[in-house]
1. Return the equivalent ellipsoid semi-axes of region 12-169 as a descending list in whole Å, where each equals the square root of 5 times an eigenvalue of the C-alpha gyration tensor.
2. For Phe65 and Thr110, what does the FRET efficiency come to when R0 = 35 Å and r is the distance between their Cβ atoms, rounded to the nearest 0.05?
3. From the P(r) of region 1-81, can you give the percent of Cα pairs sitting at distances over 17 Å?
4. So, taking all protein chains as they sit and a 1.4 Å probe, how much accessible area belongs to Leu182, in Å² rounded to tens?
5. Along the charge dipole of the chain, which of His97, Leu23, Ile55 sits closest to the positive end, that is, farthest toward it, with unit charges on the beta carbon of Lys, Arg, Asp and Glu (+1, +1, -1, -1)?
6. Is region 87-183 rounded, prolate or oblate when judged by the Cα gyration tensor, a ≥ b ≥ c being the square roots of its eigenvalues, rounded requiring a/c under 1.5 and prolate requiring a/b larger than b/c?
7. For a Förster distance of 41 Å, can you work out the FRET efficiency between the beta-carbons of Glu157 and Arg29, rounded to the nearest 0.05?
8. Mind checking which aspartates and glutamates have their C-alpha under 14 Å from Lys68, skipping anything on the same chain fewer than 8 residues away?
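The values are calculated or read from the model by the stated rules, or taken from the named source; none is laboratory data. For clarity, every value in this text was computed on a predicted model and none was experimentally measured. Quick reminder, even Gly has a Cβ in these numbers, built from the backbone with ideal geometry, and neighbours come from all protein chains shown. Accessible surface is based on the protein model in full, side chains and every heavy atom, while ligands, DNA and RNA are left aside. Shrake-Rupley method; radii C 1.70, N 1.55, O 1.52, S 1.80 Å.
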Amino acid sequence: MPITHLPVSPIVGLHTVELTLDLAPMLQRFFEENPAYFMATSGEPAGPDEAREEIISELPTGWRFTRKWVVGYVDSHGSLVAMANIITDLLAPAVFHIGTFIVATARRGTGDAQMLYRGLEVWSIVNGANWMRLGVVKGNTRAERFWKSAGYVSVRERHGIQMGNRTTTVCAMMKPLAGGNLAAYLALVPRDQPEDESTV
């Protein structure tokens, strides 16, 4: 059954919106005011069309998926304080992929990131996810620590990935949501087999 509703914010005072093109200026402002993610991944601040690209960018040809959701978390003043890009049924049914997850720098250390992620996970489970998947730039210590603490495990690394002005190694990570193991996941997503040298 198609998903028809956004994740609900687990944090009182925040509500969710779908970040469509008409809200691209809001997302662009958020990116520019919170450059840490971009500096850690690509070595440079967000470009002038970063928000638009986040919203309209397409997956590689031949990649199966159901829908891309770009979700914003807005406070009572109408300001964006967090965002997430989630792709449902990526590469295989019941595999939900987090493409981007950014929480405002000012909210670091508050527990907000953990709460917002948990809300996304609950939404994913309710909507049929058995696995979560994402990619982390190796050396982005804060992100690596966050995702490991959330229960993700590394499944493979891809080297020579160009991100902005930096060539990086990206680590694909996954988390089972319904008791599955690594062998079952790799049977579903052979792309993440260690011997596969294609890009993320």
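1. Values: eigenvalues 92, 78, 61 Å².
They are 22, 20, 17 Å, listed from largest to smallest.
2. On the way: r = 32 Å, r/R0 = 0.92.
Rounded to the nearest 0.05, the efficiency is 0.60.
3. Numbers: 1819 of 3240 pairs.
Summing the P(r) of region 1-81 above 17 Å gives 56 percent of all pairs.
4. Using a 1.4 Å probe on the heavy atoms, I get roughly 80 Å².
5. Highest projection toward the positive end goes to His97.
6. Numbers: a/c = 1.81, a/b = 1.14, b/c = 1.59.
The shape class here is oblate.
7. Details: r = 34 Å, r/R0 = 0.82.
After rounding to 0.05, the efficiency reads 0.75.
8. Leaving aside aspartates and glutamates fewer than 8 places away in the same chain, those within reach of Lys68 are Glu18, Glu53, Glu54, Glu58, Asp89.
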